[in-house]
Amino acid sequence: MLTCPICQQALSALDNGVTCPAGHRFDRARQGYLNLLPVQHKNSREPGDNLAMVEARRRFLEAGHYAPLAKRLAELAAGYAPARWLDIGCGEGYYTEQIAKALPTADGYALDISREAVRQACRRHKPLTWLVASMARVPLADASCQLLASVFSPLDWQEAQRLLAPGGGLLRMGPTRQHLYELRQKLYDEVRDYDDQKHLDLVPDGLQLAHSETLEFVLHLDDAQARADLLAMTPHGWRASAERRAAVIAAELEVSVSIRYDWFQRASFANP
Ligand SMILES: C[S@@+](CC[C@H](N)C(=O)[O-])C[C@H]1O[C@@H](n2cnc3c(N)ncnc32)[C@H](O)[C@@H]1O
């Protein structure tokens, strides 16, 4: 199913890596992932989330603060019963692992542009195919996936549409305007009204919103490390002033978690 990120021809296994008929070769890293991000497709030396962000997110998620979000994501994914699926922007793989466990017989793939993230992610669940790759040039064949997951990540909607098999869909998980509201109140004089519908304007013709739901709960963070990690894994970690961030880390926090799940489905039959 893998395709060459340079010439788009099929990749096949060779020695400890993969190669295409044109002779482009990609090695498998010691940790087990494939690096399918050629240097000419990088816009910086180490694109994507850096080690500090990856580790903050891993600590926060491993502490279970967002466990209900992952549980519902995995239930929804299992309900769609894809034969092949891909997590786009998998980060350090917390949600990916939950999806993989809910879909034990499916053929699973996960990619992120951050090498640090994929290095950590691929330790989690060996049977998956873990890739360092760009979501703008996903090295998988057209119409190859019945389910795509996009969790708190940016998304290239045209690529997502290309990858979806007829009848397949994209499961997107993202914040509503209430998400972390009390935290944002503490960090900024004016809380920006976050538009949690704006992704709907980006949905290409051929994909339709078939299901939406919201999951909300209140998180009580009495651990300073958890508060510091929450800041470090979000843009608030660099957007807010140092004084406001220090004040948030210093005091217990009750904060709303509010997440929407959307399922965008590709029609079962292509238009003639
Ligand atoms: C907010 S994190 C979410 C990670 C994970 N889904 C989670 O929720 O724990 C966004 C992720 O998107 C990745 N990313 C950003 N731009 C990307 C791109 N062009 N291609 C692939 N991944 C990208 C980042 O490296 C980062 O790991």
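Rule-based calculations on the coordinates, nothing more; no lab input. All of these numbers come straight from a predicted model, not from anything done at the bench. Methodologically, a virtual Cβ is constructed for each residue, glycine included, from the backbone with ideal geometry; neighbour enumeration extends over all protein chains shown.
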request  = Return the single residue from Leu14, Leu37, Leu86 with maximal mean-square fluctuation; model: Gaussian network over the chain, springs between Cα atoms under 10 Å.
outcome  = Leu14
query = Pick from Phe60, Phe217, Phe26: which is most flexible by mean-square fluctuation in a GNM of the chain where alpha carbon atoms under 10 Å apart are linked?
reply = Phe217
ask   = What is the total of Lys pairs in the chain with C-alpha atoms under 30 Å apart, excluding same-chain pairs fewer than 8 positions apart?
value = 8
J(HN,Hα) series, the stretch 156-168, from Karplus relation 6.51 cos²θ - 1.76 cosθ + 1.60, nearest Hz, glycine and proline x = 8, 5, 5, 5, 4, 5, 4, 7, 7, 6, x, x, x
message = Using Cα-Cα distances under 8 Å and only pairs 6 or more residues apart, what relative contact order does the chain have, in percent?
response = 19
ask   = Which FRET efficiency value, to the nearest 0.05, is calculated for Leu209 and Leu14 with the Förster distance at 41 angstrom and r the Cβ-Cβ distance?
value = 0.45
key: All-pairs Cα distance distribution in the stretch 12-266, expressed in whole percent, bin size 5 Å   = 1, 6, 13, 17, 19, 17, 13, 8, 4, 2, 1, 0
key: Amide H partners (placed H, <5 Å) of Thr176, local residues excluded   = Ser258, Ile259, Arg260
message = Using a Gaussian network model on the chain with a 10 Å cutoff between Cα atoms, which of Val18, Val118, Val138 fluctuates the most?
response = Val18
query = Once you sort the root eigenvalues of the Cα gyration tensor of the stretch 1-120 as a ≥ b ≥ c, which label holds: rounded (a/c under 1.5), prolate (a/b larger than b/c) or oblate (the other case)?
reply = oblate
